[in-house]
Amino acid sequence: MEWWVAFTIIVGGLCALMVIGMPIAFAFLAINILGAWFFWGGVAGLNQMVLAVMDSVANFSIMPVPLFLLMGEVLFRAGLAARLMDVLDAWLGRVPGRLSLMAVGGGTLFATLAGSGAATTALLGRILVPDMVKRGYKQPMTLGPVMGSGGLAVMLPPSALGVILAATADLSVGEFLMAIIVPGLMMALSYVIYVVVRCILQPDLAPRYATGPRLPLRQKLRDTVVYVFPLATIIFIVTGLIFLGIATPTESAGLGALSALIMARLYGKLDWPMLRECLMSTLRTSIMILMILSGSSAFAQLLAFTGASAGLVDLATSTNLSPVMIVITMQLVLLVLGTFMESLAMILLCVPIYFPIIEALHLSPIWFGAIMLLNMEMAAISPPFGFGLFVMKAVAPPGTTMMDVYRATIPFLLLNFVVMLIMIFFPSTVLWLPSLAIK
């Protein structure tokens, strides 16, 4: 059988199952079982698939995922987010669009603590959007900044999706987490500039309002030390120790989770019911991720065995397109997929197809992975089916329509696209920080 026929059957079947609503994990499982039976020789193929699944689940590089998830659960359920937003509010004062800027600042800080875009969007939406509406903010300055900032959790460590991409593509998790920091900060900076400039040009979008009594500098410094510095310590534990070569990503994740538990206890928020809820939520999410990863590993082996991976590599390297144009074409395909497919499904579908091509073109897999991860963030807020859009709709004020959500997300998609172009044409924005890390 020609490789392109096998590729069409395997990928087409997988997409068809996901389109009809089958969960990602079960869609991969069904295709892997059928593919192993027909392409790998019946029972022997099924045995090989089981071995592939066992190898993927026993992969030590995915250990940071449940630990990062636990850390985020503890910090969110401890109620530290509201305190952090109060500190930001005190420092911003009467800056134009300050509530929108709080969404960006809060999203950046929460991203480094939770690693979940959906959780960050839901939290910011519940805390800020009602107050924004009460203050007369219009939807472009309420819904948009919250959705854009929620996606920063994908592009700043500890990014659970980033760890999954690195593990699936067999990249160094530590180097990859370092590589996405600068692009993530570039995104946050672009959001800040956009909000300030637009609020100056269109003041009616974010009307100024009377704030409470101005806090003395001593009080603001005290609150910063009490509520921000401990969180900054966790950020250092998660990223700084990896950068300095003191700890592996798994060790940093474990220390981060332990620090979150200690912090919650010091603030008097940790008790057995709360800890049980955190552990159960982490367990449910971790099982789902492990099921999907195991299916993806067998799927990649299936593509390699049928010759589809090698055929795609030959096809890509035989074209007259430059390597950069091939990368751009790949990203355009991902942007289209992102309009109707979940980010995790896109990673597990495209990594086995894309990364052999990137290696054949002698391009940096870390660089390409960072660009691809940004595409995943864009997919989460891309109309019509981005998951972040539905999370925003769920926490938005009554009367908000999906069209309102779609319109609010467009400027932030465009800002992300500009950052992606900078990453493509200036690879040093991605590779500079990993090159400084102590090995």
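Read-outs throughout are calculated quantities, based only on the coordinates presented, and are distinct from any laboratory measurement. Small disclaimer: the values here were computed from a predicted structure and weren't measured. So basically every Cβ, Gly included, is an ideal-geometry build from the backbone, and we count neighbours across all protein chains shown.
At a 10 Å Cβ-Cβ cut-off, how would you order Glu175, Glu73, Glu377, Glu277, fewest neighbours first? Could the numbers behind the result be given before it?
Working: Glu175 20, Glu73 24, Glu377 32, Glu277 13.
Ascending number of Cβ neighbours within 10 Å: Glu277, Glu175, Glu73, Glu377.
Using a simple charge model, +1 on the beta-carbon of Lys and Arg, -1 on the beta-carbon of Asp and Glu, nothing else, what dipole does the chain show about its Cα centre, in debye to the nearest 20?
Details: 21 positive and 18 negative charges, 376 e Å.
Magnitude of the dipole: close to 1800 debye.
Which value in nm describes the separation of the simple spin-label points at Trp4 and His362, placed 7 Å from the Cα toward the beta carbon?
Placing both labels 7 Å along Cα→Cβ, they lie 2.8 nm apart.
According to a simple spin-label model (label point 7 Å from Cα along Cα-to-Cβ), what is the distance in nm between Asp131 and Met403?
About 3.2 nm, to one decimal.
To the nearest 10 degrees, how steeply does helix 308-317 sit against the main Cα axis of the chain, on a 0 to 90 scale?
70 degrees
Relative to the longest principal Cα axis of the chain, at what angle does helix 64-77 sit, 0 to 90 degrees, rounded to 10?
Helix 64-77 and the main axis of the chain meet at about 30 degrees.
How big is the Rg/Rh ratio for the chain, C-alpha atoms only, Rh by Kirkwood, two decimals? List each step's numbers first, then the result.
On the way: Rg = 22.3 Å, Rh = 22.6 Å.
Ratio of gyration radius to Kirkwood radius for the chain: 0.98.
May I ask for the angle, rounded to the nearest 10°, between helix 343-360 and the longest principal axis of the chain, with both axes built from Cα atoms and the value confined to 0 to 90°?
With rounding to tens, the tilt is 60 degrees.
Take the Cα gyration tensor of region 313-439, multiply each eigenvalue by 5, square-root it, and list the three semi-axes largest first, rounded to whole angstrom.
30, 17, 13
Dipole of the chain (Lys/Arg Cβ +1, Asp/Glu Cβ -1, origin at the Cα centre): which of Leu217, Asn32, Val324 lies farthest to the positive side?
Leu217
Across the Cα atoms of region 239-388, what radius of gyration and what greatest pairwise Cα-Cα distance (Dmax) are found, in Å?
19.8, 63
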